[in-house]
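Accompanying notes for the structure given below.
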Amino acid sequence: SFLRVMNVANDGFTLCSDIINYTGNIKEMFFHPFNNETLFVSDNFSLYKVDVKTKVINKAITDFRLMSVSRDMQYVAGYDYFHNLKIYRINALSEIFRLGIESSSEIKSMSINADATRLIYGFKDGRVCVYNPQIPMPVAEFDIGCEVIDIKISSDALFFSVLGADRKLRFYNSSTAEKGRDISMM
């Protein structure tokens, strides 16, 4: 496997760098928010920091069972093998939040908003938790009645959606976790 970094110019694409030492399934890639010579690559279990010029790949954050990156690429939230939810600031790769989860049920999906004021995570047993890491305190917890498949936060961070195994997409207010409408995906 290799990563190919291209430069987009008026005349098309030109190759900047080939990085050949990466093996794994890439789930997400994004450039450092303030430095275009640093690329972050996620395989959903680890976050790798790639120097485009020197072609050096280093593991930045490891041992996640599940990972989510905020839309503005400023924060990474992860659920590790020791049942901790953690939030890292990408700029310095420093841990800014940790929450131990006392549950035997597996977390299936999670999402973090752009200013790290909402961390939403859903369990295999159907529970969904909305947490404010800045305070830190829970905002809401509710049950959707089936396994959580996916959670997404809207780009304006006003709403979040939860997709369940029953193929219903549920919408909620991010501030209050008040339920909006459901859409059947059948």
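The values are calculated or read from the model by the stated rules, or taken from the named source; none is laboratory data. None of these values were measured; they are calculated from a predicted model. So basically every Cβ, Gly included, is an ideal-geometry build from the backbone, and we count neighbours across all protein chains shown. Note: areas computed on protein heavy atoms with side chains; ligands, DNA, RNA excluded. Shrake-Rupley method; radii C 1.70, N 1.55, O 1.52, S 1.80 Å.
Hey, which of these cross-link pairs are over 18 Å Cα-Cα: LYS86/LYS168; LYS27/LYS168; LYS59/LYS86; LYS27/LYS152; LYS27/LYS53; LYS27/LYS49? Listed pairs above 18 Å: LYS86/LYS168; LYS27/LYS168; LYS27/LYS53. Label reach from MET29 (point 7 Å along Cα→C-beta): in the stretch 88-117, no amide nitrogen lies under 18 Å. Surface analysis of the chain yields an accessible area of 55 Å² per residue, using protein heavy atoms and a 1.4 Å probe. Translational diffusion of the stretch 80-185, estimated by Stokes-Einstein from the Kirkwood radius over alpha carbon pairs at 10 °C in a medium of 1.306 mPa s, is 113 µm² per second. Taking all protein chains as present, what is the carbon and sulfur share of the accessible area of the chain, in % to the nearest whole number, probe 1.4 Å? Exposed carbon and sulfur together represent 49 percent of the surface. Subtracting the Cα-Cα distance of ASP72 and ASP143 from their residue separation scaled by 0.36 nm leaves 22.7 nm. What is the stretch 48-87 by shape, rounded, prolate or oblate, if you read a ≥ b ≥ c off the alpha carbon gyration tensor as root eigenvalues and call it rounded for a/c under 1.5, prolate for a/b larger than b/c, and oblate otherwise? Verdict is oblate for the stretch 48-87.
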